[in-house]
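Worksheet: one structure, shown below.
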Number of protein chains: 2
Amino acid sequence: MPQRQVKAAILLIGDELLSGRTQDVNLQALAKFLAPIGVQVAEARVVADIPEAIVVAVNALRARYDYVFTTGGIGPTHDDKTADAIAAAFGVPIDVREDARAILQAHYKSASPLNEARLRMARIPEGASLIANPVSKAPGFQLGNVFVMAGVPSIMRGMLEDVGHRLEGGAVVRTATLRAKGLREGDIAAALGELEEAADGVVTFGSYPWFSPPDSFGVHLVARSADADALEKAAADLARLIESRGAEPERSE
Amino acid sequence: MPQRQVKAAILLIGDELLSGRTQDVNLQALAKFLAPIGVQVAEARVVADIPEAIVVAVNALRARYDYVFTTGGIGPTHDDKTADAIAAAFGVPIDVREDARAILQAHYKSASPLNEARLRMARIPEGASLIANPVSKAPGFQLGNVFVMAGVPSIMRGMLEDVGHRLEGGAVVRTATLRAKGLREGDIAAALGELEEAADGVVTFGSYPWFSPPDSFGVHLVARSADADALEKAAADLARLIESRGAEPERSE
């Protein structure tokens with residue numbers, strides 16, 4: 001029996017991602033972390049540090065997907081609005097929690113004391129469980145199917161250690177990538193479409209051209225499947241297709 | 001009289017962005033292009049190459065924002081579903097259009113002929129205007145307040161040349177960034193919150209910590225405003241705040 005597909009959404013929170021100040025890298029890091037444990041990212045959104053925008057997005061996504069992962073907005077400053085917005089989205093109270101306060105208390109020494117601002121990072125919605133932060137200590141949290149993590153990439157990645165074991169994965173989708181230098185998408189489009197159709201959803205195919213004019217161009221052909229045998233057959237089909245157009249297939253993954 | 005705020009949404013389309021295969025760079029490039037012409041990115045979404053997902057997202061965003069910019073899914077292969085989805089979202093027919101066909105015809109030589117697959121790139125929803133593509137010729141298009149562009153970053157940036165002059169911008173939000181090495185967010189959070197409150201929406205403040213353990217950490221403080229005088233005052237306030245905590249403010253933008 002084929003395993004069920006487990007789908008997730010990612011919600012990136014922060015003015016800096018929309019203003020162009022900051023290049024997001026968390027979406028890709030999360031997708032790469034989730035794929036091998038059988039959780040597929042089906043949608044992502046980026047919203048500003050505006051409580052209403054966070055509430056609307058969280059409620060839309062948590063109803064639709066198995067898991068929601070948020071990044072950003074859980075620090076000590078006034079623009080960190082995520083924790084309160086998550087509480088509002090779930091309709092539960094939020095307050096400083098003693099176990100979270102104890103974590104911060106142990107971390108902050110007299111040189112940088114646990115002041116009122118830092119104590120905001122111990123505000124946790126009722127019913128949530130903490131997510132350990134091995135980098136800067138201030139915890140994330142899980143409430144229902146929503147995992148609330150930091151936006152700073154090194155901290156977000158650190159928190160994933162305490163997230164992975166909580167997830168129930170499904171079918172693991174693996175990919176095979178074939179690189180074809182000098183090939184153009186339009187030369188293989190019809191044949192690729194036929195492969196997609198013949199695979200009847202067991203394998204899906206993607207085509208990603210690259211351009212480095214004037215001397216280098218080509219296309220990456222990617223097959224994705226939860227069925228290892230079907231994937232290998234698809235990779236062989238792609239290699240033959242590339243050869244039939246006079247290019248040299250290079251398996252890159 | 002203050003100029004009105006013009007808000008945009010960005011819709012990034014492509015399985016490869018959600019699988020982790022590809023690191024998106026178009027969101028930041030678009031935000032940086034739009035900011036100086038007075039168009040603020042208020043929301044972004046990433047969806048897979050699934051027509052229904054594209055339709056739902058486009059219709060949600062075009063109703064809510066002044067402009068919507070999409071990237072991805074307008075090539076010649078079977079996974080390029082954006083043009084048809086946009087037509088479906090607007091409820092208009094789509095077919096090969098003669099001016100778009102002529103552009104492709106002039107470009108494709110006998111070595112890589114204008115076959116049926118490539119001709120798909122001339123499928124344009126009824127009522128749209130073409131967006132010139134100086135890189136690989138296949139055009140994007142504008143339909144209503146929606147601008148449909150390529151996903152390959154160099155091509156997307158090329159298309160922006162033919163997009164900028166069509167936009168009616170509003171208030172230009174400028175930023176001032178002050179870098180404070182060795183400062184922690186929690187030490188300035190309360191004072192920063194007071195600045196935000198006193199600015200009463202004319203200036204907004206953001207705080208972005210960085211960590212490169214063990215030796216380097218600090219925070220970037222960013223002020224944003226459409227009012228140049230208010231922005232300069234805010235930058236001076238931030239510099240004083242940083243100095244008052246024993247750090248050296250560096251203006252970085």
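A few notes on this one:
- Residue within the stretch A:128-146 that is assigned by TED's automatic domain parsing to the domain that holds A:Lys32 and over 26 Å from A:Asp24 (Cα atoms) present: yes
- Given (1) surrounded by fewer than 22 Cβ atoms within 10 Å (Cβ to Cβ); (2) on the phi > 0 side of the Ramachandran plot, number of the condition A:Gly73 does not satisfy: (1)
- Condition met for B:Glu16 (within 11 Å of chain A (Cβ to nearest Cβ) and in a strand (DSSP E or B)): no
- Those strands (runs of 3 or more DSSP E) of the stretch B:197-253 in which at least 1 residues are exposed (fewer than 15 other Cβ atoms within 10 Å of the Cβ) and aromatic (Phe, Trp, Tyr), considering only elements entirely within it, cover B:203-212.
- When the test is whether a residue is touching a Pro at 6+ places or on another chain (Cβ under 9 Å), assigned by TED's automatic domain parsing to the domain that holds A:Ala247 and either over 24 Å from B:Leu18 (Cβ atoms) or surrounded by fewer than 18 Cβ atoms within 10 Å (Cβ to Cβ) (or both), A:Gly186 passes it.
- Looking at A:Ala53, A:Ala44, just one residue is open to solvent by 30 Å² or more (accessible area, probe 1.4 Å) and either within 8 Å of chain B (Cβ to nearest Cβ) or closer than 17 Å to B:Ala29 by Cα (or both), and that residue is A:Ala53.
- When A:Asp79 is tested against (1) crowded, with 20+ Cβ neighbours inside 10 Å; (2) of a type in the set (Asp, Glu); (3) assigned to a helix (DSSP H, G or I), only condition (3) is not met.
- Selection within the stretch B:100-122: residues that are open to solvent by 60 Å² or more (accessible area, probe 1.4 Å) and away from every other protein chain (no Cβ under 11 Å). The member of this set that is farthest from B:Pro139 (Cα to Cα) is B:Ser110.
Rundown of residues vs (1) of a type outside the set (Gly, Ala, Ser); (2) open to solvent by 30 Å² or more (accessible area, probe 1.4 Å); (3) in contact (Cβ under 8 Å) with a residue 60 or more places away in the chain; (4) away from chain A (no Cβ under 14 Å), yes/no style:
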residue	(1), (2), (3), (4)
B:Ser129	no, yes, no, yes
B:Asn133	yes, no, no, no
B:Gly158	no, no, no, no
B:His165	yes, yes, no, yes
B:Glu168	yes, yes, yes, yes
B:Thr175	yes, yes, yes, no
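- Checking each residue in the stretch B:214-243 for being closer than 20 Å to B:Gly182 by Cα and without any contact (Cβ under 8 Å) to a residue 24 or more places away in the chain picks out B:Pro214, B:Asp215, B:Ala236, B:Arg240, B:Glu243.
- In this structure, B:Val148 does not satisfy being open to solvent by less than 50 Å² (accessible area, probe 1.4 Å), over 30 Å from B:Asp99 (Cα atoms) and out of contact with any Cys (no Cβ under 9 Å at 6 or more places or on another chain).
- Residues satisfying the stated conditions in the stretch A:82-97, i.e. open to solvent by 40 Å² or more (accessible area, probe 1.4 Å) and touching a residue at least 40 places away in the same chain (Cβ under 8 Å): A:Phe90, A:Val92
The values are calculated or read from the model by the stated rules, or taken from the named source; none is laboratory data. Please read these numbers as outputs of a predicted model, since none were measured by experiment. Note that we place each Cβ from the backbone using ideal geometry, even for glycine, and neighbour counts take in every protein chain shown. Areas reflect the complete protein model, heavy atoms only, side chains present, ligands, DNA and RNA absent. Shrake-Rupley method; radii C 1.70, N 1.55, O 1.52, S 1.80 Å.
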